[in-house]
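Colleague: Once you've had a glance at the structure underneath, I'll fire off some questions.
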Protein chains: 2
Amino acid sequence: MRIVKPDEIETLKRGVDGGTEEQRKVVQTIIEDVQNEKDEALLRYTRKLDGADLETLQVTQDEIDSALAEMEDEDLQILREAAANIRSFHEKQVRQSWFDTKPDGTMLGQKVTPLDAVGVYVPGGTAAYPSSVFMNLMPAVVAGVERIAMVTPPSEAGTVPAGVLAAAHIAGVREIYKVGGAQAIAGLAYGTESIAPVDKIVGPGNIFVALAKREVFGDVDIDMIAGPSEIVVLADESARANEVAADLLSQAEHDERSASVLVTTSAELAEKVANEVNAQLADLPRHAIARVSIENEGGIILCKNIQEALDTVNSLAPEHLEVMTKEPMSLLGSIKHAGAIFLGRYSSEPVGDYFAGPNHVLPTSGTARFSSPLNVDDFVKKSSVIYYSEQAYNRDADKIARFARLEGLEAHARAIESRKDRDES
Amino acid sequence: MRIVKPDEIETLKRGVDGGTEEQRKVVQTIIEDVQNEKDEALLRYTRKLDGADLETLQVTQDEIDSALAEMEDEDLQILREAAANIRSFHEKQVRQSWFDTKPDGTMLGQKVTPLDAVGVYVPGGTAAYPSSVFMNLMPAVVAGVERIAMVTPPSEAGTVPAGVLAAAHIAGVREIYKVGGAQAIAGLAYGTESIAPVDKIVGPGNIFVALAKREVFGDVDIDMIAGPSEIVVLADESARANEVAADLLSQAEHDERSASVLVTTSAELAEKVANEVNAQLADLPRHAIARVSIENEGGIILCKNIQEALDTVNSLAPEHLEVMTKEPMSLLGSIKHAGAIFLGRYSSEPVGDYFAGPNHVLPTSGTARFSSPLNVDDFVKKSSVIYYSEQAYNRDADKIARFARLEGLEAHARAIESRKDRDES
């Protein structure tokens, strides 16, 4: 693992992948085909791209029942406990409508309403994770979204992993379609014979899914475009090298493009972690992936002092940040940009990936500068409410009309003044 | 004004304008030029597109002082009062960081942090409105954003309207650049010699601005793409036709593509409003614009009963909704989709456009189904915080490791288990 100085930080930053012109064209074609041919296009692309020859897209109750029967009881129990923790955390995010009344009778407020219908994309293949099903579905469930449609690409045999179906069942979602890629995004956005259109689409996917989401954005809402996963560990000399290395590798095993970075004030820890990473890599089942990730995207940044280390962390704006220092809580106020912040030795990232309750769908590629973890707010919208009283109107009408005329909008001024005529018309 | 039945509602709906392929190409070229040539490109496009030959982009303190001196005192006083109302409403939207502690010592929470830097686009020409300056700036100011950069296209003489500069001054924003169009968006997103890059760009603009925002989305965050403005008035026989007509026309004078729709249960009101609109149109200064808007985009939808009227309103998901019925408050719970809801006779839309306090930057083109008014949440981001205690770790470690192995992620399981080794390493 290379050890670099903070001024080499740019070599560790990654932008958001915008795709190639050719990929964009492919996605535009798929979207047009789905808009024109609907289910027929979905079934055709599923044959072509997933190798699955389906007759219908929707997962049946029988398939869900079989998935549940196939799972071991202990696993189901752990899934249920994780789901309960995730639900409980997200319930604390729920916001109420509010209003503010004035003595003159005026009421101003903000009405919070769940979205009518959302679509959730769950990747297929080796990235078909029950934990991701929970993390994407639960905020929508807790927000009170009436209709939640999940899409996921089937295997060549036309099946969906049991863990994925079990997780959807535990989260309380029954509307599941076997379709993935850009075609699934198009189906959700514009609707087909089988799939009614939704208002918002969330969930991670490959570059074609990301480009399709960008393409339909505006017609429907989307969540942030997700890039490869990242961890930054901020550690001082009190951290244990074997634990830091294990956490870095847990990120590296995801994907060759995952990034694992240690930011430390201790040259001794830097050396030890570099050695530990090599030692632990050797017997990991996914060592081939992890090695490429560590070599290409990993790094150790050695800083002069804790302030330089904090500046480095904020500049990286990582998806996951672990703080393994003597007093981690005291640094929380100095951390401006991070998707999720794990404090102290026992808050290893997988605690949050699976179990603690906060969402693991987090802003990547530096977008933690302006984006948030997936949360209940993503599944509600607000409406302003204005009830102006007669008394308030009489007090303010002339001022409002004058403001309108200052902007050259005479009809606005006249709309206000029309109330001065008290006759029925 | 045409009177239609609810089943003809589709003729009144408009999609989001995605621009032509040619417009997208123009925007991509401008963005690339700004990325490569920075200020030089900004100055060149400002000469070419706005006809202004500038040497520097930033508005000086002298220009701001002159603008304030140029304004009438009474106008400045009204602007200050409006700004205070807008600030007060948005202060109620501010959210605190929160945490939840468990008896085992675990702490889970959500940290709220303002964005570091945002850019605000203010349109030029006849659409350069002080009220829009307030509405776009104030949520960012209240959120605590440290750096707010405003951009607006200059006149051919290289000036910015006094009202716009005065409004920015009242809102407390000093960093203002004379640049508009796609080039301004590119400058804000990627930075130039004069303009440091920002994390998020908000504010309405023409199709080139909208396409540029869509193009830079991902590298920076953006607000929703705004379409032409809309009003729906929901009225029963208790409403006064002259007031309804005046409100419809206040929307119609904005733009030929603005939409003004009356949804009513009263055939008598429908007739009267149609006549009133014609009568009031005649002597409006902007009657040419308003007439095209009313003829092409306006309509009266006559419904059988109030439930059908409410369904129609929710289906339209209007930007502005006025409810002029006998008991407007009792209908609030049935309104699912609207950007801002104006209740009762004295809540004419301009009350909210200028003065009451809620934001007038609202979701258009049916996007109120999933979008909210511009608000303080748009200028903060959240980070999850996880502090797991040793006790909680000991209780949950085996379950978390088992969950990780269920997903085939051995390094995740080992990261958790690495804490079981209590030796220093």
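The values are calculated or read from the model by the stated rules, or taken from the named source; none is laboratory data. Model, not experiment: these values are computed from the prediction. Cβ: placed from backbone, ideal geometry, glycine included. Neighbour counts: every protein chain shown. All accessible areas refer to the heavy atoms of the entire protein, side chains included, with ligands and DNA or RNA removed. Shrake-Rupley method; radii C 1.70, N 1.55, O 1.52, S 1.80 Å.
Colleague: Measuring nothing but label to label, 7 Å from Cα along Cα→Cβ, what are A:G125's distances to the other copies in nm, shortest first?
Modeller: Label point to label point, same position, other copies: 4.8 nm.
Colleague: In the stretch A:1-113, with Lys and Arg counted as +1 and Asp and Glu as -1 at Cβ, which of these residues, A:Q28, A:P103, A:I64, has the Cα nearest the positive end of the dipole, that is, farthest along it?
Modeller: Value computed over the given set: A:P103.
Colleague: Given springs between every Cα pair under 10 Å in a Gaussian network model of chain B, which of B:E230, B:E74, B:E91 has the largest fluctuation?
Modeller: The residue with the greatest mean-square fluctuation here is B:E74.
Colleague: Would you rank A:K38, B:K25 by solvent-accessible area, highest first, keeping every protein chain in place and using a 1.4 Å probe?
Modeller: B:K25, A:K38
Colleague: Filter the GluC sites (Glu not before Pro) in the stretch B:165-216 to those in DSSP coil with at most 15 other Cβ atoms within 10 Å of their Cβ, and list the result.
Modeller: Within the stretch B:165-216, the qualifying GluC sites (Glu not before Pro) (loop, at most 15 other Cβ atoms within 10 Å) are B:E193.
Colleague: To the nearest 10 degrees, how steeply does helix B:207-216 sit against the main Cα axis of chain B, on a 0 to 90 scale?
Modeller: So the inclination is approximately 10 degrees.
Colleague: Give me the inter-chain shielding for A:386-395: mean count of other chain Cβ atoms within 10 Å, whole number please.
Modeller: The per-residue average across the peptide is 6.
Colleague: Taking R0 as 45 Å, what FRET efficiency do you get between A:E55 and A:R80 from their Cβ-Cβ distance, rounded to the nearest 0.05?
Modeller: The computed FRET efficiency comes out at 0.85.
Colleague: Solvent-accessible area of B:W98, probe 1.4 Å, all protein chains present, reported in Å² to the nearest ten, please.
Modeller: 50
Colleague: Let me ask something else about it. About the Cα centre of chain B, how large is the charge dipole given +1 on each Lys and Arg Cβ and -1 on each Asp and Glu Cβ? Please answer in debye to the nearest 20.
Modeller: 1380
Colleague: Something else about it: To the nearest 500 deg cm²/dmol, what mean residue ellipticity at 222 nm is calculated for chain A from DSSP H runs of n ≥ 4 alone, each contributing -39,500 (n - 2.57), summed and divided by the residues?
Modeller: Taken over chain A, the calculation gives -13000 deg cm²/dmol.
Colleague: Where the label is 7 Å out from Cα toward Cβ, how close does B:V94 come to the same position in every other copy, in nm, shortest first?
Modeller: Inter-copy label distances (nm, one decimal, shortest first): 2.7.
Colleague: Just to check I understand the Karplus step: with θ = phi - 60° and J = 6.51 cos²θ - 1.76 cosθ + 1.60, what whole-Hz values come out for the stretch A:100-106, glycine and proline as x?
Modeller: After applying 6.51 cos²θ - 1.76 cosθ + 1.60, I find 10, 9, 10, x, 7, x, 5 Hz.
Colleague: Along the positive direction of the dipole of chain A (beta-carbon charges: Lys, Arg +1; Asp, Glu -1; about the Cα centre), which of A:L249, A:V385, A:G298 reaches farthest?
Modeller: Ranked along the dipole, the leading option is A:V385.
Colleague: Would you grab the residues whose amide H sits under 5 Å from the one on A:V263? Only those 5+ places off in sequence or on another chain, please, with H modelled 1.01 Å from N.
Modeller: It is A:V233, A:L234, A:A235, A:I301, by chain and number.
Colleague: Please state the shape class of the protein assembly as shown: rounded when a/c is under 1.5, otherwise prolate if a/b exceeds b/c and oblate if not, all from the C-alpha gyration tensor.
Modeller: prolate
Colleague: Based on DSSP, what percent of beta bridges with both residues in chain A are antiparallel, to the nearest 5?
Modeller: Given both bridge residues lie in chain A, the antiparallel proportion sits at roughly 25 percent.
Colleague: Mind grabbing the accessible area of B:E256 for me, 1.4 Å probe, Å², rounded to tens?
Modeller: The accessible area comes out at roughly 90 Å².
Colleague: I've got another one for you. Nearest 20 debye, what's the magnitude of the dipole of the stretch A:212-325 about its Cα centre given +1 on Lys and Arg Cβ and -1 on Asp and Glu Cβ? Could you put the intermediate results ahead of the total?
Modeller: On the way: 8 positive and 22 negative charges, 37 e Å.
Charge dipole, the stretch A:212-325, about its Cα centre: 180 debye, nearest 20.
Colleague: Over the whole of B:106-119, what's the average partner chain Cβ count within 10 Å per residue? Rounded to a whole number, please.
Modeller: Average per residue, whole number: 4.
Colleague: Of the candidates A:A41, A:A162, A:A392, which one comes out as most mobile in a Gaussian network treatment of chain A with C-alpha springs shorter than 10 Å?
Modeller: A:A392
Colleague: Okay, next question. Quick one: among B:M224, B:M324, B:M107, which has the greatest mean-square fluctuation in a GNM of chain B with alpha-carbon springs under 10 angstrom?
Modeller: Among B:M224, B:M324, B:M107, the largest GNM mean-square fluctuation belongs to B:M107.
Colleague: Need one number: nm distance between label points at B:E40 and A:R147, each 7 Å from Cα along Cα→Cβ, rounded to one decimal.
Modeller: Between B:E40 and A:R147, the simple spin-label model gives 5.5 nm.
Colleague: Please report, in debye to the nearest 20, how large the charge dipole of the stretch B:17-142 is about its Cα centre when each Lys and Arg carries +1 at its beta carbon and each Asp and Glu carries -1 there.
Modeller: In total the dipole reaches around 840 debye.
Colleague: How high is the relative contact order of chain A, given as a whole-number percent (alpha carbon pairs under 8 Å, six or more residues apart)? Intermediate results must be reported in sequence, preceding the final value.
Modeller: Numbers: 824 pairs, mean separation 89.6, N = 425.
It comes to 21 percent, rounded to a whole number.
Colleague: Where the centre of each part is set by its Cα atoms, how far does the stretch A:136-183 sit from the stretch A:355-412, in angstrom?
Modeller: If you average the Cα positions of each part, the centres end up 32 Å apart.
Colleague: Now a separate question. By the gyration tensor of its Cα atoms, with a ≥ b ≥ c the square roots of the eigenvalues, what is the shape of the stretch B:162-235: rounded for a/c under 1.5, prolate for a/b over b/c, or oblate?
Modeller: oblate
Colleague: Starting at the first residue of the stretch A:319-334, write each ³J(HN,Hα) from the Karplus equation 6.51 cos²θ - 1.76 cosθ + 1.60 with θ = phi - 60°, in whole Hz, x for Gly and Pro.
Modeller: After applying 6.51 cos²θ - 1.76 cosθ + 1.60, I find 5, 10, 10, 9, 10, 10, 10, 4, 10, x, 4, 6, 9, 4, x, 8 Hz.
Colleague: When DSSP beta bridges are limited to those with both residues in the protein assembly as shown, what percentage is antiparallel, rounded to the nearest 5?
Modeller: 25
Colleague: B:K304 label points, 7 Å along Cα→Cβ, one per copy: pairwise distances from this copy to the rest in nm, shortest first?
Modeller: 7.8
Colleague: Checking the a/c ratio against 1.5 first, then a/b against b/c, what shape does the Cα gyration tensor give for the stretch A:21-222?
Modeller: oblate
Colleague: Moving on to the next point. Taking each residue of B:212-221 in turn, how many C-beta atoms of other protein chains fall within 10 Å of its C-beta, and what is the average?
Modeller: Average neighbour count from other chains, rounded to a whole number: 4.
Colleague: Report A:K111's accessible area, 1.4 Å probe, all protein chains in place, as a number in Å² to the nearest 10.
Modeller: 30
Colleague: Additional query: Among B:G333, B:A226, B:P363, which residue has its Cα positioned farthest towards the positive end of the charge dipole of chain B, with +1 placed on the Cβ of Lys and Arg, -1 on the Cβ of Asp and Glu, and the dipole taken about the Cα centre?
Modeller: B:G333
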